[in-house]
Structure formats: C-alpha cells, structure tokens
Amino acid sequence: MLVRTWNLFHGNALPPQRRSFLDDMITLATADDPDVLCVQEVPAWELGRFTVGDVAARPTLGPLPSAAGLGRRLTSLHHGLLRSAFSGQGNAIAVAPRLRVLAHEHLELNPRRFRAAEARRLGLGIVARNAWAKERRIVQTVRLGADDGRTYLVANTHCTSLPDRRIAQAELLRAAAFATAQALAEDVVVLAGDFNLTAAARAMRELTGPEWGFSAAGPGIDHVLVKGADTSEPRRWPTERRRADGHLLSDHAPVEVDIT
C-alpha cells in the first residue's frame, strides 16, 4: 500500500504566483494512483474534493460555508499575496476506491485547556502562548479496510510551526495518542503529515523508539510513520518531480512509503 503526504501550501507555487496551482498539485499527486494521499494546508473551500476533509483554521470572514465562498473570491485576486488571509485551511485525505472507509474522526490538537496545561509544563511566555492560540490545528483519522481483510488506521496531522519546537512535539504526541486510541488491535497504524519536526526531535525519537514502535523517519519535516507492518524507506520527491509548466509546486516536497 502506497501512502503519500504533501503540504499543499494553499495551492501556491514557490515562489507564489497570482494564480492557484491546486488542480495541478492534485493531478500530480494522484497520477500514479496512490492508495492514500494525506494533504495539509488545503483551502477550506477545497476540502470537499477529497474523501474526507476537516477544517483546522476557520475562515476569517464568518461562519462556514458562506465564508469559504467569499474567501475563495477574495483570494482569487492574488493567491500568492493573500494565501490564507481569508480562506482558512484544513487537512484532507484521498482514499483509493479499492479501500473502504470504515470510520472517520478528528481532534483539535491545541484546544485552550491543552494549551494552558502545556504552557505551564513548558514554561512558555506570553508571546509564545498568544502565538500558539492564533491558529487551530487538528489531526484527522480514517479507518480503512482492504479486500484482503487487512485494516489500517491512517492519521493525518499538521503541527504548529512556531520557533519553540516543544510546542509541535506536544501536538505530535497528542496526535499519535489519538491515532493509536482510535485503532483496533489488528490495525496497521499510519501517522502522516507535516510535523514541523525533524527526525532528531525528542518526540520523533520517542515515536520511532521501542515504546511507540513506529517506523523510522526520513529527512525533512514531513513524514509517514507506520506501526504494525514493514515499510520501505521513506522517499522524498526530487525537486523536478513537482514542477508543472516551469513552476515549482508548494514549498514542501511529497513524502511517501510503501507498506508491505
């Protein structure tokens, strides 16, 4: 089973341009028919294109869905400049038709009570506390069934990108705990997404250590970790593979693993 993750950068190229490249990204990411595609930084109005989509940061112009539509019209003036100013963002998972979706859940990673407890534990100052509160982050899960009877619990997350990486580590461990709690004993557990953490981070070492038992992480800050099955080495797309019409798509490269 091929599992791929990609932060879509709100559909922007690098450097950002006036138009959106989201269609190009989705076409490229699904061209070889991956079993599961996990994506992050998806504009709120585009979440319906995927098998499951959940809003993380809500649009700033009011309640959904009207705010998403208005945000789309405003952002279309210049996607590169406006990016997520009005659009909100979310996580989404595309699942190949050969897999059955058995369940779908999501969890807010940084609710107020969790932030307060972790801020006390980490000794965060007021600046870091306020920055952490500005953007809502989530983890979403789908439980999948394959024709051979195997089942998978796939979690897709996007952790906070603040300079104090202890914050992202706290969110990542919360996401991992939620994923493993949602999984049944026989499930292969996949934890994927933009962690904003490298393999050297303490939380990453914990997850890939004997206690948690996830597979080894690759380079960069985007990862696909697997528990309960053998995997290939993580593969990070080379730069040329994510070009379209001369434009480099996203400020992240897709990362993927094969579950054997």
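Filtering the range 26-53 to residues that are surrounded by 17 or more Cβ atoms within 10 Å (Cβ to Cβ) and either hydroxyl-bearing (S, T, Y) or more than 15 Å from the chain's Cα centre (by Cα) (or both) leaves L28, P34, D35, W45, T51. Among the residues of the range 241-256, those identified as in contact with a strand residue (DSSP E or B) (Cβ under 9 Å, 6 or more places away or on another chain) and either part of a loop (DSSP other than H, G, I, E, B) or modelled with pLDDT of 95 or more (or both) are R242, R243, H247, L248, L249, S250, D251, H252, A253, P254, V255, E256. If you scan the range 215-240, which residues turn out to be more than 17 Å from the chain's Cα centre (by Cα) and either modelled with pLDDT under 95 or not in a helix (DSSP H, G or I) (or both)? Matches in the range 215-240: S215, A216, K227, G228, A229, D230, T231, S232, E233, P238. Selection of the range 143-197 for residues being assigned to a strand (DSSP E or B), out of contact with any Leu (no Cβ under 8 Å at 6 or more places or on another chain) and either of a type in the set (A, V, I, L, M) or under 12 Å from L107 (Cα atoms) (or both) yields N156, H158. The set of residues in the range 190-215 that are free of Cβ contacts under 8 Å to residues at least 40 places away in the same chain and among the hydrophobic types (A, V, I, L, M, F, W, C) comprises L191, F195, L197, A199, A200, A201, A203, M204, L207, W212, F214.
Among the residues of this structure, P210 does not count as one that is under 26 Å from R136 (Cα atoms) and over 17 Å from the mean Cα position of the chain (by Cα).
The values are calculated or read from the model by the stated rules, or taken from the named source; none is laboratory data. None of these values were measured; they are calculated from a predicted model. Note that each Cβ is placed from the backbone with ideal geometry, even for glycine, and that neighbours are counted across all protein chains shown.
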